[in-house]
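Chemist: Let me give you the structure first, and then I'll get to my questions.
The values are calculated or read from the model by the stated rules, or taken from the named source; none is laboratory data. Being a predicted model, the structure only gives us computed values, none of them experimental. For neighbour counting, all protein chains shown are included, and Cβ atoms are generated from backbone atoms with ideal geometry for every residue, glycine included.
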Amino acid sequence: MECWKFLGQFMYVLFFVFIVLLFIVGLSVRSSDRYLKTDHANFAEVRGTFVLLLCGPRASGELVSVAILDREGDAYTFKIAAPEFSYGVQPGLTAADALQKAEKFVKRHIQSEGVQLRKVLGPGGGEIGFELKPLYPVTAFGRDDIIDVRYEIKERNVTVHIALDSAVEKQAAG
């Protein structure tokens, strides 16, 4: 009789754990749908006309500098999650002009050693824009990519969240 009672309690606990796991998986899937993914891109992939968003330093020592190339005429609109005075917008640029201005902008910091181009993937997996970020010396910060960029989507509006990596920020403050 004790065995059946134990087995009943075990099944109850197992069922409860299963329900909790389903809930957690459901939340993670739902929240991941809010954020877009990025992937490595080549400069040759950038074709068309773009709105260029330049978000970056107001002071010479600031490390955060990012350029977003928002494809003109598509269904998606990019906006930087920052006050409007902290970034610039240049519409109607060819791919070559947008890339040239973006690269010049993100390489302004004296420690910048290069750039990283990534494509922003829409909900269906197709490219809807590009980001260009500076790369810094690994010897200075422990890695070359020190800027975190997240793309939050709601309907067809993409909000770009840009921040210095928290570990690098602590290193710079301490």
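Chemist: Can you tell me how many residues within segment 143-171 are over 15 Å from Ala82 (Cβ atoms) and surrounded by 13 or more Cβ atoms within 10 Å (Cβ to Cβ)?
Modeler: Residues that pass the stated criteria total 9.
Chemist: Go through Val51, Val46 for me and flag whichever is out of contact with any helix residue (DSSP H, G or I) (no Cβ under 6 Å at 6 or more places or on another chain) and of a type in the set (A, V, I, L, M).
Modeler: From the options Val51, Val46, the qualifying one is Val51.
Chemist: Still on this structure, I have one more. Looking only at segment 76-92, how many residues end up being in contact (Cβ under 8 Å) with a residue 12 or more places away in the chain and more than 13 Å from Val66 (Cβ to Cβ)? Give the derivation first.
Modeler: Let us first name the residues in segment 76-92 that are in contact (Cβ under 8 Å) with a residue 12 or more places away in the chain, namely 76-82, 86-92.
From what's left, more than 13 Å from Val66 (Cβ to Cβ): 76-77, 79, 89-92.
Qualifying residue count, segment 76-92: 7.
Chemist: Sticking with this structure for a sec: Phe130: in the same structural domain as His40 (by TED's automatic domain parsing) and in contact with a helix residue (DSSP H, G or I) (Cβ under 6 Å, 6 or more places away or on another chain), yes or no?
Modeler: no
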